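Read the structure below first, then the notes.
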Amino acid sequence: MSDDGTRDSIARRSFLKGAGAAGTAVATALAGTPPAAAQAQTAAPAKTASSPPATEGLLTLTATEAAFLSAAYDTFIPADRLSPSGTDCGLLVFIDRQLASAWGGGARLYRSGPFIKGTREQGYQLSLTPREFFGAGIKATNAWTRKTYSKDFDRLPAAEREAALKTMDAGKAELEEINGKQFFEMLLQTAMEGFFADPIYGGNRDKAGWKLINFPGVIEVNRENVAKYRDKPFPTNPLSIADMS
């Protein structure tokens, strides 16, 4: 990857780093400077359309859905000197587990209607379960990219995938039966969740998201350590739930 390409990829995922830092302000204050290993990591080649993600072991996603989500997450989080790609960080496993869970089945959602268009502050207002919404969103987005770019989303070059996502974010993608901006926001939200969640949930593989923002992991809830290492580097690698079990 060229220097310009590296800068572009870092800029594309800067929102992720900012979101993670905002959500873990105490941990960031404790952590100090980035670890040398993270600073020295070199860029890895991006996945191409001819390299679909492995679908063995997935609980609910079809091969088409897995390819779509892998391409979307790798566009949000490209492989570069900061971390591996979103797929290599486990985001596909994370969302597959979430969609296969009670949340994916809409277990705690009110779905009896009436369903009236609400405000952004009212959040999710659809009759579909999250699993159904993802399936419908992927199908509608692929139909739109075939019409616009003559290919399914995961078959697009990286620049066109990014352009497609920006069009969805701007609310200008004409998706049938699905709000493109709402679907984009769900993709973005789950990318952030998977990248910064505890690795026990399938994402944040090798704690790449935590290392990016110098988050010490579950140990940061220890009040004595919060006071002892305030404004100082935390002297350990991030610890997950599994590490403490």
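Quick rundown of the values:
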read-out: All positions within the stretch 100-126 that are more than 24 Å from LEU165 (Cβ to Cβ), open to solvent by 90 Å² or more (accessible area, probe 1.4 Å) and in contact (Cβ under 8 Å) with a residue 24 or more places away in the chain; value: none
read-out: Matching residues, the stretch 98-126, being within 18 Å of the chain's Cα centre (by Cα) and farther than 15 Å from ALA191 by Cβ; value: ALA100, SER101, TRP103, GLY104
read-out: Unique residue being in contact with a helix residue (DSSP H, G or I) (Cβ under 6 Å, 6 or more places away or on another chain) and aliphatic (A, V, I, L, M) when the list is ILE116, ILE178; value: ILE178
read-out: Test: ILE95 is closer than 17 Å to ALA158 by Cβ, of a type in the set (Val, Ile, Thr) and either buried (at least 18 other Cβ atoms within 10 Å of the Cβ) or modelled with pLDDT of 95 or more (or both); value: no
read-out: Residue among THR129, THR141 that alone is surrounded by 15 or more Cβ atoms within 10 Å (Cβ to Cβ) and at pLDDT 95 or above; value: THR141
read-out: Selected residue [open to solvent by less than 40 Å² (accessible area, probe 1.4 Å) and among the charged types (D, E, K, R)] from ASP206, ASP169, ASP198; value: ASP198
read-out: Any hit, the stretch 222-238, residues being without any contact (Cβ under 8 Å) to a residue 12 or more places away in the chain and closer than 30 Å to GLN122 by Cβ; value: no
read-out: Test: residue in the stretch 222-242 that is outside any helix (DSSP H, G or I), buried (at least 19 other Cβ atoms within 10 Å of the Cβ) and at positive phi; value: no
read-out: Some residue of the stretch 133-155 being β-branched (Val, Ile, Thr), in a helix (DSSP H, G or I) and over 19 Å from the mean Cα position of the chain (by Cα); value: yes
read-out: Residues that are open to solvent by 30 Å² or more (accessible area, probe 1.4 Å) and not in a loop (DSSP other than H, G, I, E, B), drawn from the stretch 172-195; value: LYS181, GLN182, GLU185, MET186, LEU188, GLN189, MET192, GLU193
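The values are calculated or read from the model by the stated rules, or taken from the named source; none is laboratory data. Source: prediction; values computed, not measured. All Cβ positions, glycine included, derive from the backbone under ideal geometry; neighbour counts span all protein chains shown. Areas reflect the complete protein model, heavy atoms only, side chains present, ligands, DNA and RNA absent. Shrake-Rupley method; radii C 1.70, N 1.55, O 1.52, S 1.80 Å.
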